[in-house]
1. So which residues in segment B:231-270 are in contact with a strand residue (DSSP E or B) (Cβ under 8 Å, 6 or more places away or on another chain), surrounded by fewer than 24 Cβ atoms within 10 Å (Cβ to Cβ) and assigned to a loop (DSSP other than H, G, I, E, B), if there are any at all?
2. Based on what the data block shows, is residue B:149 more than 10 Å from chain A (Cβ to nearest Cβ), farther than 29 Å from residue B:193 by Cβ and either in contact with a Lys or Arg (Cβ under 6 Å, 6 or more places away or on another chain) or of a type in the set (S, T, N, Q) (or both)?
3. Quick test of your reading of the structure: residue A:153 fulfils all but one of (1) free of Cβ contacts under 8 Å to residues at least 60 places away in the same chain; (2) over 26 Å from residue A:263 (Cβ atoms). Name the failing condition by number.
4. Quick check on this structure: which one of B:205, B:201 is in contact with a Lys or Arg (Cβ under 6 Å, 6 or more places away or on another chain) and either under 28 Å from residue B:313 (Cβ atoms) or surrounded by fewer than 16 Cβ atoms within 10 Å (Cβ to Cβ) (or both)?
5. Tell me whether segment A:51-74 contains one or more residues that are hydrophobic (A, V, I, L, M, F, W, C) and free of Cβ contacts under 8 Å to residues at least 60 places away in the same chain.
6. For residues that are surrounded by fewer than 16 Cβ atoms within 10 Å (Cβ to Cβ) and closer than 16 Å to residue A:81 by Cα, scanning just segment A:111-164, find the one that is nearest to the other protein chains (Cβ to nearest Cβ).
7. Write out, first by first residue and then by second, each pair whose Cβ atoms fall under 6 Å of each other, whose residues are 6+ apart or on separate chains, and whose first residue, in segment A:107-134, is in contact (Cβ under 8 Å) with a residue 12 or more places away in the chain while the second is in a helix (DSSP H, G or I) and polar (S, T, N, Q).
Amino acid sequence: MGEFCGDTIESYIRDESVFKTKTITICVTILGCCVALMGLGVNQYMLHLLVSIGIAIIGAIGLSFITGFTGMISLGHGAFIGVGAYSMAILTDRLGIPFIIALPLSALITAGIGMFFGLPSMRIKGLYLLMATIAAQVIITFLMIHCQSLTMGLNGYPVKPASIFGFEFDTERKYFYLIYAVTLICILAAKNVARSRHGRAFVAIRDQDIAADVIGVNLFKYKTLAFAIGSFYAGLAGALWAPYLSLITPEAFSLDLSIGYLAMIVVGGLGSIMGAIYGAIFMTLLPEFLKILMEEHLRGFIPDAIRSVPHIKNILFGLIIITFLIFEPHGLAEIHRRIKKYFKLWPFPY
Amino acid sequence: MERLLNRPSGIWLWPIFLSMAAALVFTLPGSAVASDKVIKIGSCPDLSGPTSEVGKPFSSGVRGYFDYINSKGGINGRKIEYLETDGSYNIPQETAAFKRFVMDGIVAFIGWSGGGHLQIAQMASAKKIVVLGASISDVFANIQTSPYSFIHCASYDQVWRAMIDHAMNKNPGKKLKAVIIYPDNGYGHQNADTCRKYLKEKGLELVGEEIVGFKDIDATAQMLKIQRLNADIALCPQVEPSIAVIMRDAKKVGIDTKKLQFYVNLQGMGPVGIKLGGKNVEDLIGGSPFSAWEEKDLPGIKMIHQANPDKKALLPWYVHGWAAALVISEGLRRLGDKEVTGENLKKSLESIKDFDTGGVTSPISFSPENHIGGRGVKLYRPNLQAGYFEAMTDFIYPK
């Protein structure tokens, strides 16, 4: 008898699959294994970049929930990451809590603080909410600097290396695998939240909050939940970053970091998990790529390039972002979708 | 959990986790060892950020010294390769730069921003790489937390002590009132902490503190508050643009800068500050652990002139960078034929006693218990006609 043409779904579980076909599943598995094995072969600098990318992905996914899915612009994300970092430092150092427990605990503490600063979202939105989140950034940074008995102020808070059941993650390579594992779990969890009823509620609030309210979506509950989930992820990113840096200072969690994360999700594509991932990778690698390109490869042409190059690098960085947004305002995720669509239909145009 | 892993397709997670578990067995420890012919030293000065006007001459000074030494045959037959990248006063970029240069095999690193230096000093201790920095706060010479970190001159602590002592000597028997005007960053807070500590030690009254950032272009509100405090001295850990703003606005609100003596440390004293501030900075006094380009009678400064025959003037920060490179080079020179590693360099530096830098700094001494190399500080006044700060004292040694 003839076989069916195309993909058939014969169970609800298959219908809810993250990856719709076996081919996609195999490809993603191979990609995942390649990234895992990459950690063996690359040097310490590349490992450092990969760790930075992993942490950026977790943070960007968090901001994606707040801004991308729920439509609430937040410039307090850097401060929330700082709360996660300092929570990890204080829990492991002063309270002696093991890393494996301190990690989710730090994220929960950050979620609580994020929910508190998300309360204004009930009454204000848009640029007004943006100002409220900037206030969160300023207040939290101020507290990090001036509560010296708790945070050691600008002298920095030393953080012990991450350790799970006696196994210490004290090298870049070991830390890369820890970050990789946590990032994978975070991506899966985010994907499932995004396609659950909570995720749909977030999108409804973003698109038409009044209509969402009319049909029964509890605005206060879901806006606060978005801040909670977003801050949870930010706290997780900070809690993972702190042991890697081994010393944290408030200067690392400034408004610049918040703007950087906002840029990540805008460039990557608002409202999608893949967009947050692409944006995190792009914005982490671009400055380093430009630096190496300009400083090392240009040296042969302009001997004193190191003096004139920094400004050119900054200008190029801004130009690339602007050009990118002009030609693809929906971000890298949209480019990915179009490429996928093209090859799905190839060689047919439609 | 079932939904999360999407069984049966959730099974795809296991190859990934197994690959990671297998890979964790293999680790490749890095080591900082120089090759036979070349010694690599890394740095991440601020070339485009808020302190770039001091970052650029600093890095020129470091490079200038290494180029000079290489032109004379290097150190013990080995050339110095100076690896440099723009840190932009950004901590993640500075730490990424450090990691990149560790991969390249550096044995020493010269840090920049206060926060970045702190983090790099921690990492450097783990990787056994010697760290010096443009920021010379005492916290960077903490042997317990950063055993590989050195300060190649007198620290901010000694600079502020010298200036406060000068104020007290000018006003014998008077209980002076002080204000501190500092930026709200690591550098500002470290210097402010130092000032507070010494003021308390000397029994002087701290009557106020104001925040003026590096990038601020108006300090009128802060100066109006200071005007009401009737202070005698103002201690300003600032850079040249911000001190020019402070002095301009102090005069604007009617503060008599002869009665309220403004002191600035080395980051704020330079020709840019004089150019921006003009007559407003005429009463400013600066403190620095370094001599100036204009003091060409000093053998060490003469060497800088010889290395830069085409230059009419070099900024104070050039001398700072030159001094950092000079101290590292002395440590490398004392290694002789020994293997050039970070660990050996650390021990070599700790063996330095009363090293004469030719007047660039006061004599340098380290030990396993002390990583602050110098104690001497010079005081400077602006020469508005000449356009630079000129020394009003030789090296003084605050207690």
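1. B:231, B:232, B:260 - these are the residues of segment B:231-270 that are in contact with a strand residue (DSSP E or B) (Cβ under 8 Å, 6 or more places away or on another chain), surrounded by fewer than 24 Cβ atoms within 10 Å (Cβ to Cβ) and assigned to a loop (DSSP other than H, G, I, E, B).
2. Against the criterion (more than 10 Å from chain A (Cβ to nearest Cβ), farther than 29 Å from residue B:193 by Cβ and either in contact with a Lys or Arg (Cβ under 6 Å, 6 or more places away or on another chain) or of a type in the set (S, T, N, Q) (or both)), residue B:149 does not qualify.
3. (1)
4. B:205
5. No, because not a single residue in segment A:51-74 is hydrophobic (A, V, I, L, M, F, W, C) and free of Cβ contacts under 8 Å to residues at least 60 places away in the same chain.
6. Filtering first and then ranking leaves A:142.
7. If the second residue must be in a helix (DSSP H, G or I) and polar (S, T, N, Q), the pairs left are A:109/A:87; A:110/A:231; A:111/A:231; A:114/A:231; A:115/A:224; A:118/A:224; A:129/A:121.
So that you can scan it fast, the table gives a plain yes or no per residue for (1) among the hydroxyl-bearing types (Ser, Thr, Tyr); (2) touching a helix residue (DSSP H, G or I) at 6+ places or on another chain (Cβ under 8 Å); (3) more than 16 Å from residue A:232 (Cα to Cα); (4) not assigned by TED's automatic domain parsing to the domain that holds residue A:242:
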{"residue": "A:124", "(1), (2), (3), (4)": "no, yes, yes, no"}
{"residue": "A:146", "(1), (2), (3), (4)": "no, yes, yes, no"}
{"residue": "A:157", "(1), (2), (3), (4)": "yes, yes, yes, no"}
{"residue": "A:165", "(1), (2), (3), (4)": "no, yes, yes, no"}
{"residue": "A:173", "(1), (2), (3), (4)": "no, yes, yes, no"}
{"residue": "A:190", "(1), (2), (3), (4)": "no, yes, no, no"}
{"residue": "A:193", "(1), (2), (3), (4)": "no, yes, no, no"}
{"residue": "A:196", "(1), (2), (3), (4)": "yes, no, yes, no"}
{"residue": "A:204", "(1), (2), (3), (4)": "no, yes, yes, no"}
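The values are calculated or read from the model by the stated rules, or taken from the named source; none is laboratory data. Predicted model, so just to flag it, every value in this text is computed and none were measured. Methodologically, a virtual Cβ is constructed for each residue, glycine included, from the backbone with ideal geometry; neighbour enumeration extends over all protein chains shown.
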